[in-house]
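Report on the structure given below.
The values are calculated or read from the model by the stated rules, or taken from the named source; none is laboratory data. Worth saying up front: this structure is predicted, and the values here are computed from it rather than measured. Here Cβ is always computed from backbone atoms with ideal geometry, including for glycine, and neighbour counts include all displayed protein chains.
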Amino acid sequence: MTENGVYTITIATPTDDIEKVHEMLETVWAKSPSVSSTDRLSFETALIELSSNVIRHADDGSGIRCVLTVGVSDARIEARLTDTGLASTVELVGRTMPEELAESGRGIALIKALVDELEYVRSGSSNHWRISRSRTA
Amino acid sequence: MDFTVQELEQGIAVVRGAGRLNMVSAGQLRELVAAAVAGGNSRIVVDLSAVDFIDSSGLGALVNGLKIARQAGGDLRISAPTDQVKLVLQLTNMERVLFPYPTVDSAYAND
C-alpha cells in the first residue's frame, strides 16, 4: 500500500476561505500517516501563509479563483497554487523578519524558513506558486 | 474559531481561543483585545492552549493587542502555546516579545 498521492481543490473567494485549505490538509495527512509531525506542521504553516497571501493580494475586487494541488511522495511534500488574479509584487529574495513590533511582513520569510523551495512565475494572466519541503526521517 | 473573555482581578483579562488563529479569526482577536483594554483591563493574557494553529496574521493580531495594551499602561502575554504556535514564534524571532508563560496564572504572577 502506498501513502503517496496527489490532491486537488479549487478555491473561489469569497465563498471559500482559508479554512478550505486546512480541511484539504486534514484529508492529506489522514491518507499519509507516515508524514512526521514536524513535516505536517511546517508544510501546513507554509501553505496557509502562501494561500492567505494569494487570497489577500491577488484579488482585484471580484474574488479569487485558484487551483491548489498537493502531492506527497516518499521524498517530499509539494504544493502548486495557480490563480488568475493580479500579478504578485512581493519580493521573494533576501526576505528577513521585520522588527518585533511590526504587525505584518512576516509571511514570506516564514514560508522560506519552513520549506526548501518557494517559486513564483507569472505566465500570461496566471500566477503559479510552488512550495516544496523535503521529508525528514 | 471561538473566543471567550474572562475578567480577573487587578485589571487582568483572559482571552481564550479554540481553533485556528488565521486570517479569518485574527480580526476577531484584535477587536476583543481592544475592547477589553478600552473596558479597563489593560493586562491581557491570551490563552493559547486550545489554539492548534497560528499564522502571520494571527501573530500580527497579537502584536497589535500588545501595542494597544502597552499604550494603556498594561501588557499582553501569552500562555500555553501548542507545538505549531511554538514553532511559529521561534521561526519569527518573537519568543522575546511574546514570551510563552506555561499557564494563565503564571503570566502576571511576579508583577
Out of curiosity, is A:Val21 among the aliphatic types (A, V, I, L, M), at pLDDT 95 or above and outside any strand (DSSP E or B)? yes
What number goes with the only condition from (1) within 14 Å of chain B (Cβ to nearest Cβ); (2) under 17 Å from the mean Cα position of the chain (by Cα); (3) of a type in the set (Ser, Thr, Tyr) that A:Thr96 does not pass? (2)
Take the stretch B:94-111 and flag every residue that is charged (D, E, K, R) and within 14 Å of chain A (Cβ to nearest Cβ). B:Glu95, B:Arg96
Scan of the stretch A:64-86 for residues that are among the hydrophobic types (A, V, I, L, M, F, W, C) and either within 16 Å of the chain's Cα centre (by Cα) or surrounded by 12 or more Cβ atoms within 10 Å (Cβ to Cβ) (or both), ordered by number: A:Ile64, A:Cys66, A:Val67, A:Leu68, A:Val70, A:Val72, A:Ile77, A:Ala79, A:Leu81, A:Leu86
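Yes/no per residue for (1) touching a helix residue (DSSP H, G or I) at 6+ places or on another chain (Cβ under 9 Å); (2) over 19 Å from A:Leu118 (Cβ atoms):
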site: A:Ala12; (1), (2): no, yes
site: A:Thr15; (1), (2): no, yes
site: A:His22; (1), (2): yes, yes
site: A:Trp29; (1), (2): yes, yes
site: A:Pro33; (1), (2): no, yes
site: A:Arg40; (1), (2): yes, no
Condition check: at pLDDT 95 or above, touching a helix residue (DSSP H, G or I) at 6+ places or on another chain (Cβ under 7 Å) and either hydrophobic (A, V, I, L, M, F, W, C) or part of a loop (DSSP other than H, G, I, E, B) (or both). Does B:Leu29 satisfy that? yes
In the stretch A:40-92, the residues that are among the charged types (D, E, K, R) and in a helix (DSSP H, G or I): A:Arg40, A:Glu44, A:Glu49, A:Arg56
Can you tell me which residue within the stretch A:103-128, out of those that are touching a helix residue (DSSP H, G or I) at 6+ places or on another chain (Cβ under 7 Å) and within 10 Å of chain B (Cβ to nearest Cβ), is surrounded by the fewest Cβ atoms within 10 Å (Cβ to Cβ)? A:Ser104
Against the condition touching a Pro at 6+ places or on another chain (Cβ under 6 Å), closer than 18 Å to A:Asn127 by Cβ and either of a type in the set (Gly, Ala, Ser) or in contact (Cβ under 8 Å) with a residue 60 or more places away in the chain (or both), how does A:Gly105 come out, does it pass? no
Would you mind finding the one in A:Thr45, A:Thr82, A:Thr38, A:Thr89 that is more than 14 Å from chain B (Cβ to nearest Cβ) and either at pLDDT below 95 or out of contact with any His (no Cβ under 9 Å at 6 or more places or on another chain) (or both)? A:Thr89
Which ones in the stretch A:24-39 are touching an Asp or Glu at 6+ places or on another chain (Cβ under 6 Å), buried (at least 17 other Cβ atoms within 10 Å of the Cβ) and assigned to a loop (DSSP other than H, G, I, E, B)? A:Ser32
Pairs under 6 Å by beta carbon, first residue on the phi > 0 side of the Ramachandran plot in the stretch A:123-136, partner at pLDDT 95 or above, six or more apart or different chains? none
Among residues belonging to the stretch B:72-93 that are closer than 20 Å to B:Arg16 by Cβ, touching a Leu at 6+ places or on another chain (Cβ under 9 Å) and not in a helix (DSSP H, G or I), point out the one that is nearest to the other protein chains (Cβ to nearest Cβ). B:Thr82
